[in-house]
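Here is the structure we will look at, set down as structure tokens.
Throughout, read-outs are computed from the coordinates displayed, never taken from laboratory work. This structure is a prediction, so every number in the text was calculated from the model and none was measured. Cβ sites come from the backbone with ideal geometry, for glycine too, and all protein chains shown count toward neighbours.
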Amino acid sequence: MGRSSKDKRDIYYRLAKEEGWRARSAFKLLQLDEEFNLFKGKTRVRRAVDLCAAPGSWSQVLSRKLRASNESCEEVKIVAVDLQAMAPLPGVTQIQGDITKVSTAQEIIRHFEGQAADLVVCDGAPDVTGLHDVDEYIQAQLLLAALNITTHVLKPGGNFVAKIFRGKDVTLLYSQLKIFFSMVTCAKPRSSRNSSIEAFVVCQNYSPPEGYIPNMSNPLLDHSYDVDFNQLEGPNRIIVPFLACGDLSAFDSDRTYPLQLDSNKEYKYLPPTQPPIQPPYQQACHLRKNNLLAKEDSPSALLGLGALNLGT
Ligand code: SAM
């Protein structure tokens, strides 16, 4: 397969390179902003948190959009959190940390000098296993961890945007988010493939229950939910508002496009804007390159018995 093949099959991958974004996901946040006016809203966003930020295209969007005018540049603070290190970005402070830890929330608050954030975004995803139920469950836990951290750092009236997998737990997640936000919408940007169960919850107007004390262990998915919640019928059944967003004339992420999009502009292959630094697959690549991944070709290794003494 040639280098340009992915450019043909994935229009947003190609556009991301042309426009200098580190990942195609930048378009998801841009299209969510088009629909929900996330960055200007009622008041201009000055403090924003990007949870699960690496390699950093959402942080890039925040940096470019929030620091657009010179006067606002000084007062804009953006904090990006990820387990992995990422290359620096103008106006973005990085925390290499885990969003399930309260120490991460405290570090964010320190960066804002005690002030609360106007916006929290989270595009977090665990390493997918391919087992859909497991992936959906872990994704839901990550979303709830992001919600927990958000309750520590977001100002009342602020907004929260997070990736969600539209699985069977979506109703429960929606109900839990509704406890904290007056408006919750499930949105699918044009740049998110239809073939993917990924969507984004856009939670507006943070208004926690009176007396709520933020903590990191609440709420979590509860297995009794299937019995208590999912079987509600008729008017009691919760319908999660769903919105396809982004200009409908925008590129379709599931289509293949010709390499030359514009007759006046010749196609030229571009390398990715910023390859990840220290990606978790780096060691696997090194082992493979040096032929260190090869398995022992012995009958016991084939049987998965490894170092077992078979008494022969
Ligand atoms: N929004 C990013 C962008 O536009 O470049 C892409 C995010 S990527 C899809 C998902 C990220 O979630 C990964 O970088 C991964 O390290 C991070 N992640 C997963 N679990 C995490 C956790 N518990 N704490 C912090 N980051 C986490």
**Complete:** Most packed first (mean Cβ within 10 Å per residue), the peptides 268-274, 19-25, 56-62, 4-10 order as 56-62, 19-25, 4-10, 268-274
**Request:** Please tell me which of these pairs span more than 31 angstrom C-alpha to C-alpha: Lys42/Lys163; Lys8/Lys168; Lys6/Lys188; Lys8/Lys40; Lys17/Lys168?
**Result:** Lys8/Lys168; Lys8/Lys40; Lys17/Lys168
**Request:** May I ask you to evaluate 6.51 cos²θ - 1.76 cosθ + 1.60, the Karplus curve with θ = phi - 60°, for each residue of segment 75-88 and list the ³J(HN,Hα) values in order in whole Hz, giving x for glycine and proline?
**Result:** 8, 7, 10, 10, 10, 10, 10, 7, 5, 9, 6, 9, 5, x
**Message:** Take Glu74 and Val134, extend 7 Å from each Cα along the Cα→Cβ direction, and tell me the distance between the two endpoints in nm.
**Reply:** 5.3 nm
**Request:** Work out the length of the dipole vector of the chain about its Cα centre, built from +1 on the beta-carbon of each Lys and Arg and -1 on the beta-carbon of each Asp and Glu, and round it to the nearest 20 debye.
**Result:** 880 debye
**Request:** For segment 31-87, build the convex hull from the C-alpha positions and give me its volume per residue in Å³.
**Result:** 86 Å³
**Message:** Whole-Hz ³J(HN,Hα) for each residue in segment 41-48, computed from phi via Karplus 6.51 cos²θ - 1.76 cosθ + 1.60 with θ = phi - 60°, x for glycine and proline: what do you get?
**Reply:** x, 6, 10, 5, 6, 10, 10, 10
**Request:** Report, largest value first, the span of the C-alpha coordinates of the chain along each principal axis, in whole Å.
**Result:** 71, 59, 45
**Asked** Could the peptides 208-214, 92-98, 152-158, 243-249 be put in order, highest first, of the mean number of other beta-carbon atoms found within 10 Å of their residues?
**Response** 152-158, 92-98, 243-249, 208-214
**Asked** How many percent of DSSP beta bridges within the chain run antiparallel, rounded to 5?
**Response** 35 percent
